[in-house]
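Asks: This is the structure I want to talk about, given as structure tokens.
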Amino acid sequence: MAGNGTDAGPGSDSFPTSSRAAVTALFLAHHRRLVGLASLLVDDHGSAEEIVQDAFESLYKRWNGLRDPSTAVAYLDRSIVYGARSWVRRRVTARSFVPPEAGVLPSAESAIVDGRRKEELALAIRELPQRQREVVVLRYYLDLSEEQIATWLGVSTGSVKRHAFRATAALQKRMEAWA
Amino acid sequence: MNDLESRLSAALHTEADELSAAVDLPRAAVELESRLDRLERDRHRRTWVIGLAAVVAIALAVLVGVRLAAPHIDTEPVSPTTSYTSQGFVVPFTANVPDWAAGPTPPVTGDRRIVWQNDQCWTDCSPGQDAKLIVLAPQVAFGATESDRLVIPSAQGYLDHLTALQDAHLLTLSGVHPATFAGHEATVLDVVASSAVPGGLGCAGSGTVDTAEPSCWSFLPGTRVHLAVIRADTRPYYELGSVAPPLLVLLRADKGNPQLATYVADVDHLLATVQIPEPPAPTYRSNSTVMPFTLVLPPWATRVSPATAPSGRLVTWEVSCESAVASSAADCAHPSRIFGAMSPVGSGPDPVGSLPDKPGVTIVGEFSSQLVDRRSAQFATVVATHDVPAALGCDAAGSCPVLAAGTTTRVADIAEHGKPPLIVWESWTTGAPGTDGLAADFDAAVQSIRFGT
């Protein structure tokens, strides 16, 4: 693959050489983490990878519009969240819980009890309503503040608090049931 | 971070790591390269087309002698539109809605809000492309904090609210100018937020905590709001005694949206085409041949269409909180109410006088007698603790209004010897806020009755 943009093909003069190199560098550094983020928000691995590809493509298109290239990672994170939401909207009429692909999670037999609990908790998060699931992932995976989540999702802080409260209450209940 | 939050964080990181462990990075990188190559080819092609078009345009301009310094046209062309008629909105209106919003996905509607969205955004909205077209009859708006809640009293009060947010360095207002839409005075302005003001635009409901869309609308950084504050009467049925809050028509779009100027022009076009019909006359004329009459309705009932029973002996005006105000009974903080007039069948003995004998009915205060259009009328106020069927008689066999449990009813029995009586009543949720003046409004409505006209 082209890491420095010198073989970018016709039209590479319309993009700064550095933009392609920068996007590629970001891809190598963050692709795996972003697939993880997308996988937490959608129910199938293939779609998660597609969402990540779309995010990098979008970043490349808008690279010249970025006022500060250091915001690119945040842009990618946000694109993943929006992309995942679009994916869910497209599937909303047929949505049902789909377990992760075999081989992606460790087998139950090999998991120790603590690991199984963690796995069960992750499954419970997947079963939350989509907006609650987004809030939980943004809050506890990306460590965003409630204000940041509100801005990202285009809702009020109060709404974020409400979704977070409902989600944690539901998860707490599930954990108590396992105890 | 408490124990649950720590576990959540750990579980999410573990799962994300495990899910991404299966990623084939080299294959993914090749796919990205392929996508970027395609993008560059498209960009290259567009550059050539634009360049060619520019050359042709310049050549044409020279040919027809058009000066390049000709006056600048600062009005964006508007998008194609579709005529829209509101359904169940508190201020009925028609307007031409731009096609980018009008279809094919229908708007989110309610009695105090209608929301269209850039149609692409219903399914796949890229960052920076969000655009919403909103018609809102807000009841409250929030200031710098959620505890700073303003019950919107008037258009000027709403504009003062925006000014206060600007003074607090949260908003920047620009382009403020007066206008007239559908015969109503209005103020048009643009708003840019420097930080989020949840619920700052206004809320369709009157809740104190929930500022979530689509009921509540916020100012968000990175967006521009093009807003018309119209002095139309948007008072809900339960607050008709107050000053009329305004009607808002607005665009909220990402500042970076390349279509922003067109969208703003589209909103201006929508405003220019909006039509708001005159409210219905407050005088009701009965079609009944049994007992024709006219009356001036209580103010709230002028907002409601009457329902006439098949018998022709019963007409009611009814608002239920759940259908008119909120989406669920749990959110229903305002009283349901019904106003009715009935000429009962049969020779029921004095329905009002017999009310104290009915189980579940408590008389409040004293009976009183008045003259209504030179006929004798007996008035009473009762509270029902249980459902009381046929308490006021029946308009047909098996069709008898019920005094519902938990309601207060003011009733008048208007009678004249040799003529069928007319029972008029109004019921509302006992003790609900905003019901203090209902009995007086009811008495005034009854006193306005004129028979035989």
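Asks: Can you tell me which residue in region B:178-204 is modelled with the highest pLDDT, limited to those that are within 13 Å of chain A (Cβ to nearest Cβ) and assigned to a loop (DSSP other than H, G, I, E, B)?
Replies: So the residue we want is B:194.
Asks: Would you check which residues across region B:355-376 are in contact with a Ser or Thr (Cβ under 7 Å, 6 or more places away or on another chain) and farther than 12 Å from residue B:403 by Cβ and list them?
Replies: Within region B:355-376, B:364, B:365, B:369, B:376 qualify.
Asks: Suppose the filter is of a type in the set (Ser, Thr, Tyr), surrounded by 13 or more Cβ atoms within 10 Å (Cβ to Cβ) and modelled with pLDDT of 85 or more; does residue B:20 pass it?
Replies: For residue B:20, the condition - of a type in the set (Ser, Thr, Tyr), surrounded by 13 or more Cβ atoms within 10 Å (Cβ to Cβ) and modelled with pLDDT of 85 or more - is not met.
Asks: Residue A:122: over 29 Å from residue B:201 (Cβ atoms), modelled with pLDDT under 85, among the small types (Gly, Ala, Ser) and not in a loop (DSSP other than H, G, I, E, B), yes or no?
Replies: Here the answer is yes, as residue A:122 does meet what is asked.
Asks: Considering every residue within region B:392-400, establish whether at least one is part of a strand (DSSP E or B), surrounded by 14 or more Cβ atoms within 10 Å (Cβ to Cβ) and not aliphatic (A, V, I, L, M).
Replies: Checked against the condition, which is being part of a strand (DSSP E or B), surrounded by 14 or more Cβ atoms within 10 Å (Cβ to Cβ) and not aliphatic (A, V, I, L, M), region B:392-400 yields at least one hit.
Asks: Kindly provide the set of residues from region B:349-383 that are under 17 Å from residue B:424 (Cβ atoms) and under 35 Å from the mean Cα position of the chain (by Cα), ordered by number.
Replies: Listed by number, the residues that qualify are B:381, B:382.
Asks: Within region A:147-164, is there a residue that is acidic (Asp, Glu), surrounded by fewer than 19 Cβ atoms within 10 Å (Cβ to Cβ) and either more than 9 Å from chain B (Cβ to nearest Cβ) or on the phi > 0 side of the Ramachandran plot (or both)?
Replies: No - not one qualifying residue is present in region A:147-164.
Asks: Give just the number: which of (1) part of a helix (DSSP H, G or I); (2) without any contact (Cβ under 8 Å) to a residue 12 or more places away in the chain does residue A:144 not satisfy?
Replies: Condition not satisfied by residue A:144: (1).
Asks: Residue under question is residue A:138, and the condition is that it be in a helix (DSSP H, G or I), within 11 Å of chain B (Cβ to nearest Cβ), at pLDDT below 85 and within 18 Å of residue B:16 (Cα to Cα); does it hold?
Replies: no
Asks: A further question follows. Looking at region A:69-86, I want the residues that are at the interface with chain B (Cβ under 10 Å from one of its Cβ atoms) and have a partner that is charged (D, E, K, R) and part of a helix (DSSP H, G or I) with Cβ atoms under 8 Å, at least 6 apart or on another chain. Which pairs are those?
Replies: Listed by first residue and then by second, the contacts come to A:75/A:62; A:79/A:54; A:81/A:134; A:83/A:54; A:85/A:134.
Asks: Pull out all pairs, ordered by first then second residue, where Cβ-Cβ is under 8 Å, the residues are six or more apart or on different chains, the first lies in region B:1-29 and is free of Cβ contacts under 8 Å to residues at least 60 places away in the same chain, and the second is among the acidic types (Asp, Glu) and in a helix (DSSP H, G or I).
Replies: Matching pairs, first to second residue: B:11/A:119; B:15/A:119; B:23/A:49; B:28/A:49.
The values are calculated or read from the model by the stated rules, or taken from the named source; none is laboratory data. Computed from a predicted model, the values in this text were never measured in an experiment. Don't worry about glycine lacking a Cβ; one is built from the backbone with ideal geometry, like all the others, and counts go over all protein chains shown.
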